[in-house]
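A.B. asks: Here's a structure for you.
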């Protein structure tokens, strides 16, 4: 007891006799407290961390609100307009906006507002479905190539190169000229996926190769886990960040591609209401009435802009290295 | 370097073969019938259809068809169009126009993209940085054909600054607006890329070291920041040169430029599968060669990249 008291007093005197600089007494800094981890708190994963960053990012908040609005319009177009987008009366052709028809009418006498509202679903489903398919196909092919290496990698990589060498729009045109008049949204989705998966595959291959050699994977193998289980449970989830970043950003590109194909007249059939088709129809009257072109274009631009901003925000959150000060 | 180049060219061969096979298969082996497409809405004449099938070797097994196509393609014999003109002649007429257009777009996007990107990256957070950023985001999210219509309407029709359409034998001024429209999306990507590269490089240790040595601000930026920032930009530009050729379709259609894109689009409308296959094969080859050139350039620019 007396010994402890003596130590404390000496520590309080800052410099111990015979010593030139201050050395903290063993109990002055409670190492155990500093090092201790509050194990009752939930573990923060990379995703939780990213979510915390995202929540505070104004770019994310704005784009998330925009995207939610667009999704709502796509799901429930009937909330915004009571009219049928294909109900057109030539007597209204190119009439200006009036109450109940805020955007006016196009050449065929269709209500531009109604058509813009109903076109949302087409563009959005093309974007989202293509992104999901590209993510599945691309990450799977890339992961198999990166994980197994050797001849599997060689074959899959050359296969990827072959598809990559064909520019997306050009490839899509070649395929679609065969099925010009028929088909639904799925036709476009499949074609865009066919020429769009390569970038994701490359990135996923790189990410998997990088993750494959990390310690937790060796540990998992040592514990008797099979390669397949390793790939599915450990490697793919850990490579997901870079895959998600690249696919989110390209969602907007797919929407633009669909519009471009519809503009060229080989996208969706004219019976499907889509922004691209409407913009294409409006081009003939651009010089007399630019407003018919304006509304579907603005809707398209806002949607794509929202997804690009979302992609930027997600990229910042998932990859702190790229975070800009 | 020579060895690396040789290996890359050897690697390119299976890719080119695979790609041409894929394009060929997409056009001629898919469920759609190209011969039926040729007739369009008209009733099919069996004798004519059989003759066309024989002419394009469509009556032979698929792989033979492809090999014959390849053999002919090597001698630049791509067959004839419906009106009897050799495909290669039409391509030869359209090609110089597209090259001119693509090069103009390339110069436009390279100069303005890099300049605005540097301004924006060096002065992050200033008002003009925000303006540049917003404009580049808008250019990316508005489809090229809308940008094209707007440019045509305002610059061509309303303000009468530049010709509205280009026509068959376009000069520099005729192609200026189509080229700007064609290059606008890539310019926006280059701005974003340059901006993020410059702003991340400016915070690097070697920049601080250079400043600590007493180097002037100008030479720090020129010698250290820009040199390191522009490597990925150069890569992007190189890949884009190939992509511009195939992306020219929209711009050429809107502005009536009689180049490769215009020809492709017309051929698709007319159902000239032979022409489409030939053009796509050529464009794909250009794309692959551009990518190879980029890899070479990349290796030359960045000594950290070994020729592995």
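A.B. asks: Might you let me know whether region A:310-322 holds any residue that is more than 23 Å from residue A:86 (Cα to Cα), outside any helix (DSSP H, G or I), at pLDDT below 90 and more than 9 Å from chain B (Cβ to nearest Cβ)?
C.D. replies: Yes: region A:310-322 contains one or more residues that are more than 23 Å from residue A:86 (Cα to Cα), outside any helix (DSSP H, G or I), at pLDDT below 90 and more than 9 Å from chain B (Cβ to nearest Cβ).
A.B. asks: What single numbered condition from (1) in a helix (DSSP H, G or I); (2) surrounded by fewer than 22 Cβ atoms within 10 Å (Cβ to Cβ) fails to hold for residue A:265?
C.D. replies: Residue A:265 satisfies all of (1) in a helix (DSSP H, G or I); (2) surrounded by fewer than 22 Cβ atoms within 10 Å (Cβ to Cβ) except (1).
A.B. asks: Among the residues of region B:248-258, is there at least one that is more than 11 Å from every other protein chain (Cβ to nearest Cβ), more than 17 Å from the chain's Cα centre (by Cα) and farther than 24 Å from residue B:156 by Cα?
C.D. replies: no
A.B. asks: Condition first: surrounded by 15 or more Cβ atoms within 10 Å (Cβ to Cβ) and in a helix (DSSP H, G or I). Can you find one or more residues in region A:93-107 that meet it?
C.D. replies: No, every residue in region A:93-107 fails to be surrounded by 15 or more Cβ atoms within 10 Å (Cβ to Cβ) and in a helix (DSSP H, G or I).
A.B. asks: A further question follows. Anything in region A:77-108 that is free of Cβ contacts under 8 Å to residues at least 60 places away in the same chain and on the phi > 0 side of the Ramachandran plot? List them, or say none.
C.D. replies: If the condition is that a residue be free of Cβ contacts under 8 Å to residues at least 60 places away in the same chain and on the phi > 0 side of the Ramachandran plot, then A:100 is the only one that fits.
A.B. asks: A follow-up question, please. So residue A:270 passes all but one of these: (1) more than 9 Å from chain B (Cβ to nearest Cβ); (2) within 30 Å of residue A:118 (Cα to Cα); (3) out of contact with any strand residue (DSSP E or B) (no Cβ under 9 Å at 6 or more places or on another chain); (4) in a helix (DSSP H, G or I). Which condition number does it fail?
C.D. replies: Every listed condition holds for residue A:270 apart from (4).
A.B. asks: Just for region B:89-125: of the residues that are within 14 Å of another protein chain (Cβ to nearest Cβ) and closer than 15 Å to residue B:195 by Cα, which one is surrounded by the most Cβ atoms within 10 Å (Cβ to Cβ)?
C.D. replies: Checked region B:89-125; the qualifying residue surrounded by the most Cβ atoms within 10 Å (Cβ to Cβ) is B:117.
A.B. asks: Continuing with this model, one more query. Taking residue A:300 as meeting all but one of (1) more than 7 Å from every other protein chain (Cβ to nearest Cβ); (2) crowded, with 24+ Cβ neighbours inside 10 Å; (3) touching a residue at least 60 places away in the same chain (Cβ under 8 Å), write down the number of the exception.
C.D. replies: Condition (1) is where residue A:300 drops out.
A.B. asks: Hey, does region B:164-186 have a residue that's away from chain A (no Cβ under 11 Å), in a helix (DSSP H, G or I) and in contact with a strand residue (DSSP E or B) (Cβ under 6 Å, 6 or more places away or on another chain)?
C.D. replies: Yes, the conditions are met somewhere in region B:164-186.
A.B. asks: Just to be sure before I move on: is residue B:140 away from every other protein chain (no Cβ under 13 Å) and either crowded, with 19+ Cβ neighbours inside 10 Å or within 15 Å of residue B:101 (Cβ to Cβ) (or both) in the structure I sent?
C.D. replies: In short, no.
A.B. asks: Separate question: So in region A:127-158, with the set limited to residues that are touching a residue at least 12 places away in the same chain (Cβ under 8 Å) and within 13 Å of chain B (Cβ to nearest Cβ), which one is surrounded by the fewest Cβ atoms within 10 Å (Cβ to Cβ)?
C.D. replies: Top of the filtered list is A:157.
A.B. asks: Residues of region B:31-62 being under 20 Å from residue A:175 (Cβ atoms) and at pLDDT 75 or above, which ones?
C.D. replies: The one that is under 20 Å from residue A:175 (Cβ atoms) and at pLDDT 75 or above: B:62.
The values are calculated or read from the model by the stated rules, or taken from the named source; none is laboratory data. Nothing here was measured: the structure is a model prediction, and the numbers come from that model. As a convention, Cβ positions derive from the backbone with ideal geometry for all residues, glycine included, and neighbour counts pool all protein chains shown.
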